[in-house]
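A short write-up of the structure that comes next.
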Amino acid sequence: METFFDEKNKLLIFRMNEEIDDYKVQEIRRRADNEIQRYMPKRVIFDFDKVSFMDSAGIGLIIGRYKFANLIGGKVELANLTNSVRKIFDMSGILKLIPETEIEQYS
Amino acid sequence: MNKSFENEMKLEFVSKSSNESFARVTVAAFAAQLDPTVEELADIKTAVSEAVTNCIIHGYENKIGIVKIIAKLRKQELILEISDKGKGIEDIEMAKEPLYTTKPNLERSGMGFTIMESFMDSVEIESIVGLGTKIKMTKKIKSVEEENKEDFTMLTK
């Protein structure tokens, strides 16, 4: 996972580049919460462009970060959902709660 | 036209979550003999990942045990049995309910069985409290037949 922070817009982006399962999610969760606490962002975007596999652990990950970001007044958004990732999120209904957004480049 | 395979494999590994990726990739490599589509393979990997995670987190509750996978290919069908000798499930109907989880503190979503049921053609759960749980799943691989049909149409054009 790579982290990008846009200070001006208080925008924190997590570029996920690993398989997201119960094993990998433990480290992702710890790092994401650290970064959210460190930067206190207004928006947190999870970018799934490079995710080749995700199971239901991804649902728990996003709901958990959604709650955590809410505590500090931030919002979570999702970007570049691949077909297989979307299939999992669709099933859980979290796309009704958490908006999708577009990001093109990293600065 | 109907290619049929008869094959079987058995895999046993220690219930560590670092083995989840190994388990799903191994089953997918075995199932690849049926020429599944990319989407079918992704479905199989996801279902295996859910079942194996259940064995590790719920069956053994992160203690050390053995997770066993038997995979069979019969004609165009993948038949999977994924089992543990862990604590078992008290209420199977409840466990199958979407969003129901006994471990919300671990950020489990409670979607495991729902995902297995929607990604596979059939899912059966056998469980005895104190003895363990066995999940049987099947999935028909449609692609070979469809591809053959397409090839045939191309030849006759």
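On average, how many beta carbons from a partner chain sit within 10 Å of the beta carbon of a residue in A:81-88? It would help to have the intermediate numbers written out before the result.
Working: counts 0, 1, 3, 6, 0, 0, 7, 5.
Averaged over the peptide's residues, the number is 3.
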HN-Hα J couplings of segment B:130-135 from phi, Karplus 6.51/-1.76/1.60, θ = phi - 60°, integer Hz, Gly and Pro as x?
x, 10, x, 9, 10, 10
Equivalent ellipsoid dimensions for segment A:2-101 as semi-axes, Å, which come from the Cα gyration tensor, largest first:
20, 14, 13
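Filter the cross-link list A:42/B:16; B:16/B:96; A:96/B:75; A:87/B:103; A:67/B:136 down to pairs whose alpha-carbon distance in this structure exceeds 30 Å. Could you put the intermediate results ahead of the total?
On the way: A:42/B:16 37 Å; B:16/B:96 23 Å; A:96/B:75 40 Å; A:87/B:103 23 Å; A:67/B:136 35 Å.
From A:42/B:16; B:16/B:96; A:96/B:75; A:87/B:103; A:67/B:136, over 30 Å: A:42/B:16; A:96/B:75; A:67/B:136.
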Defining a contact as two alpha carbons under 8 Å apart and six or more residues distant in sequence, what relative contact order in percent does segment B:35-98 show?
28 percent
Residue-normalised value, i.e. accessible area per residue, for segment B:7-156 at 1.4 Å probe, in Å², stands at 50 Å²
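Ignore the peptide's own chain and count Cβ atoms of other chains within 10 Å of each Cβ in B:109-118; give me the average, rounded. It would help to have the intermediate numbers written out before the result.
On the way: counts 14, 4, 11, 5, 1, 3, 7, 1, 0, 2.
Across the residues of B:109-118, the mean count of other-chain Cβ atoms within 10 Å is 5.
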Return one number: the angle in degrees, 0 to 90 and rounded to the nearest 10, between the long axis of the Cα atoms of helix A:57-71 and the longest principal axis of the Cα atoms of chain A.
20 degrees
In degrees, nearest 10, range 0 to 90: what is the angle between the Cα axis of helix B:143-156 and the longest Cα principal axis of chain B?
10 degrees
Return the distance in nm (one decimal) between the two label points of a simple spin-label model at residue A:43 and residue A:72, each offset 7 Å from Cα along Cα→Cβ.
1.7 nm
Tell me: how much accessible area in total is hidden between B and A, 1.4 Å probe, Å², nearest 100?
1700 Å²
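How long are the semi-axes of the equivalent ellipsoid of the protein assembly as shown, taking √(5λ) for every eigenvalue λ of the Cα gyration tensor, in whole Å from largest down?
Working from the Cα gyration tensor, I get semi-axes of 34, 25, 15 Å.
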Over chain B, calculate the relative contact order: mean separation of alpha carbon pairs under 8 Å at least 6 apart, over the residue count, as a percent.
26 percent
Any idea which of B:32, B:102, B:9 is furthest toward the positive side of the dipole for chain B, if Lys and Arg beta-carbons carry +1 and Asp and Glu beta-carbons -1?
B:9
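How large is the dipole of segment B:7-156 about the Cα centre if only Lys and Arg carry +1 and Asp and Glu carry -1, each at its Cβ, rounded to the nearest 20 debye? Intermediate results must be reported in sequence, preceding the final value.
Values: 20 positive and 26 negative charges, 129 e Å.
Value, rounded to 20: 620 debye.
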Short version: what are the Cα gyration tensor semi-axes of segment B:7-156, square root of 5 times each eigenvalue, largest first, in whole Å?
31, 16, 13
I'd like the mean, over residues of A:70-78, of how many other protein chain beta carbons sit within 10 Å of each residue's own Cβ.
0
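Determine the share of segment B:7-156's accessible area contributed by carbon and sulfur atoms, expressed in whole percent, with a 1.4 angstrom probe. Don't skip to the end; give the middle numbers.
Values: 4000 of 7440 Å².
Looking at segment B:7-156 in its full context, I get 54 percent from C and S.
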Calculated [θ] (222 nm, deg cm²/dmol) that DSSP helices of n ≥ 4 give over chain A, each run adding -39,500 (n - 2.57)
-13000 deg cm²/dmol
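The values are calculated or read from the model by the stated rules, or taken from the named source; none is laboratory data. Computed from a prediction, not measured in an experiment: that's the story for all the values here. Here Cβ is always computed from backbone atoms with ideal geometry, including for glycine, and neighbour counts include all displayed protein chains. We work out accessible area using only protein heavy atoms, side chains counted, and drop any ligands, DNA or RNA first. Shrake-Rupley method; radii C 1.70, N 1.55, O 1.52, S 1.80 Å.
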